[in-house]
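Here's the structure we're looking at; comments come further down.
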Amino acid sequence: MTAPTSGGERFADLSRTERQTIVAAGTDRFLRAVDDIADTEFTGPTLLSGWTRSHLIGHVGHNATALTRLLDWAETGVRTPMYASPDDRNREIDDSARWEPARLRDLVSHSATRLAARWDALDVAAWHAQVTTAQGRTVHAEETLWMRTREVWIHLVDLDIGVDFTALPRVVLASVLADITAKWRAAGTADGLALHVDGGEPIAFPTGDGAVSHVEGPLPGVVQWASGRGSALLRRGHDVRAPHWL
Ligand code: ZN
C-alpha cells in the first residue's frame with residue numbers, strides 16, 4: 001500500500017534529465033559546503049555519531065566511486081559490487097578520515113565529476129540493467145541517481161554547518177519519507193505511529209493496543225525526525241522516538 005505523502009510527486013516519476021538536475025544541484029551544494037569548511041573544522045563532529053567531518057566527506061567521496069562501480073556492472077554485466085565487504089567500506093572511511101583536508105576535497109570533487117560523466121555517457125540498455133546495492137537490493141542502474149541524491153542532500157545536513165532539512169527540494173523530502181515509511185512498514189517497527197505532514201494525508205501504521213503516537217509538522221521537520229536527526233522542526237511529537245531507519 002502506498003499512502004500518499006505531501007510534496008506531490010516522487011523522484012522516480014521525474015524524467016532522467018530532471019533527476020540528473022536534482023542530483024547535480026545537491027552535489028554542487030555539498031561540494032561548496034566542503035570548500036567553505038575551514039581546514040581546522042574537518043576534525044569537528046557531524047550529526048552522525050562517531051564521525052568527524054573528515055569521515056563524512058571521505059564517505060561521500062567513496063560513495064561516488066562505489067556507485068561508479070555499479071555503472072561498470074551495468075555496462076559490462078560483470079559483477080562489480082559497491083564495496084568488497086562492509087568491513088572494507090568502513091576501513092576505507094577510517095583511512096581517509098586521517099587524510100589532509102586538501103586530499104579529501106580532491107576525493108569528493110573528482111569522484112563526483114567522474115560519476116556525473118559516467119551518467120552522461122550511459123546508454124539506454126545500461127540504465128535499465130540490474131545491479132545489486134551494498135544493502136542487497138536488486139535495482140536498475142538508474143536507481144543510482146536516487147541513491148546519490150539521498151546521499152548528498154542528507155549528508156549536507158549531517159555536516160552540521162547550519163544547513164537543515166528546509167534546504168532540501170520537496171520532491172527529495174517526499175521521496176526520502178516514502179523510503180523510510182516503506183522500510184518501517186516492511187519491518188513492522190512503526191506500529192501505533194501516525195504522521196501528519198502539513199498539507200498531506202495522514203500516514204498511519206497499524207496499532208496493536210490502540211494507542212497512537214502523533215507526530216506532526218512541516219515536511220522537512222517530519223523527515224528530519226523520521227531520519228533520526230532530531231525533532232527541532234516538529235509541532236507535535238517531540239518525545240516520540242523515531243523507529244530505526246538504516
Ligand atoms: Zn551515506
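Which one of these is within 19 Å of the chain's Cα centre (by Cα), surrounded by 12 or more Cβ atoms within 10 Å (Cβ to Cβ) and in a helix (DSSP H, G or I): Arg91, Arg103, Arg32, Arg19?
One residue alone meets the criteria, Arg19.
Which one of these is out of contact with any Pro (no Cβ under 9 Å at 6 or more places or on another chain) and touching a residue at least 24 places away in the same chain (Cβ under 8 Å): Ser54, Ser85, Ser49, Ser111?
Ser111
Select, from Ala211, Ala182, the only residue that is open to solvent by 10 Å² or more (accessible area, probe 1.4 Å), outside the structural domain of Gly26 (by TED's automatic domain parsing), more than 16 Å from the ligand (Cβ to nearest atom) and assigned to a helix (DSSP H, G or I).
Ala182
Need the failing condition index for Glu41 against (1) in contact with a Lys or Arg (Cβ under 7 Å, 6 or more places away or on another chain); (2) within 19 Å of Gln135 (Cα to Cα); (3) at pLDDT 95 or above, just the number.
Of (1) in contact with a Lys or Arg (Cβ under 7 Å, 6 or more places away or on another chain); (2) within 19 Å of Gln135 (Cα to Cα); (3) at pLDDT 95 or above, only one is false for Glu41: (2).
Please go through region 176-197 and pick out each residue that is within 22 Å of the chain's Cα centre (by Cα) and over 19 Å from Arg229 (Cα atoms).
Passing the criteria: Arg185, Ala186, Ala187, Gly188.
Is at least one residue of region 112-124 within 16 Å of the ligand (Cβ to nearest atom), more than 30 Å from Ser231 (Cα to Cα) and open to solvent by less than 70 Å² (accessible area, probe 1.4 Å)?
Yes, there is a match, as at least one residue in region 112-124 is within 16 Å of the ligand (Cβ to nearest atom), more than 30 Å from Ser231 (Cα to Cα) and open to solvent by less than 70 Å² (accessible area, probe 1.4 Å).
Open to solvent by less than 80 Å² (accessible area, probe 1.4 Å), within 16 Å of the ligand (Cβ to nearest atom) and outside any helix (DSSP H, G or I): does that describe Leu48?
Criteria met by Leu48.
If Val78 passes every condition in (1) free of Cβ contacts under 8 Å to residues at least 40 places away in the same chain; (2) within 26 Å of Lys183 (Cα to Cα) but one, which one does it miss?
(2)
Checking the structure you have, find out if any residue of region 190-205 is open to solvent by less than 50 Å² (accessible area, probe 1.4 Å) and in a helix (DSSP H, G or I).
no
Identify the single condition in (1) free of Cβ contacts under 8 Å to residues at least 24 places away in the same chain; (2) away from the ligand (no atom under 16 Å from the Cβ); (3) among the charged types (D, E, K, R) that Asp36 does not satisfy, given that it satisfies every other one.
(1)
Out of all the residues in region 127-162, which are touching a residue at least 24 places away in the same chain (Cβ under 8 Å), more than 16 Å from the ligand (Cβ to nearest atom), open to solvent by 30 Å² or more (accessible area, probe 1.4 Å) and not in a strand (DSSP E or B)?
Glu142, Ile161
Kindly indicate whether Val176 is touching a residue at least 60 places away in the same chain (Cβ under 8 Å) and under 24 Å from Gly26 (Cα atoms).
no
Any residue in region 58-73 that is more than 16 Å from the ligand (Cβ to nearest atom), open to solvent by 40 Å² or more (accessible area, probe 1.4 Å) and either outside the structural domain of Val124 (by TED's automatic domain parsing) or not in a loop (DSSP other than H, G, I, E, B) (or both)?
Yes; the residues of region 58-73 include at least one that is more than 16 Å from the ligand (Cβ to nearest atom), open to solvent by 40 Å² or more (accessible area, probe 1.4 Å) and either outside the structural domain of Val124 (by TED's automatic domain parsing) or not in a loop (DSSP other than H, G, I, E, B) (or both).
Take Gly7 and decide whether it is at pLDDT below 95 and either in contact with a strand residue (DSSP E or B) (Cβ under 9 Å, 6 or more places away or on another chain) or within 16 Å of the ligand (Cβ to nearest atom) (or both).
So Gly7 passes the test.
The values are calculated or read from the model by the stated rules, or taken from the named source; none is laboratory data. Note that the structure is a prediction, hence the values are computed from the model and not measured. Cβ sites come from the backbone with ideal geometry, for glycine too, and all protein chains shown count toward neighbours. The protein model used for the area step is the full one, side chains on, heavy atoms only, and it has no ligands, DNA or RNA in it. Shrake-Rupley method; radii C 1.70, N 1.55, O 1.52, S 1.80 Å.
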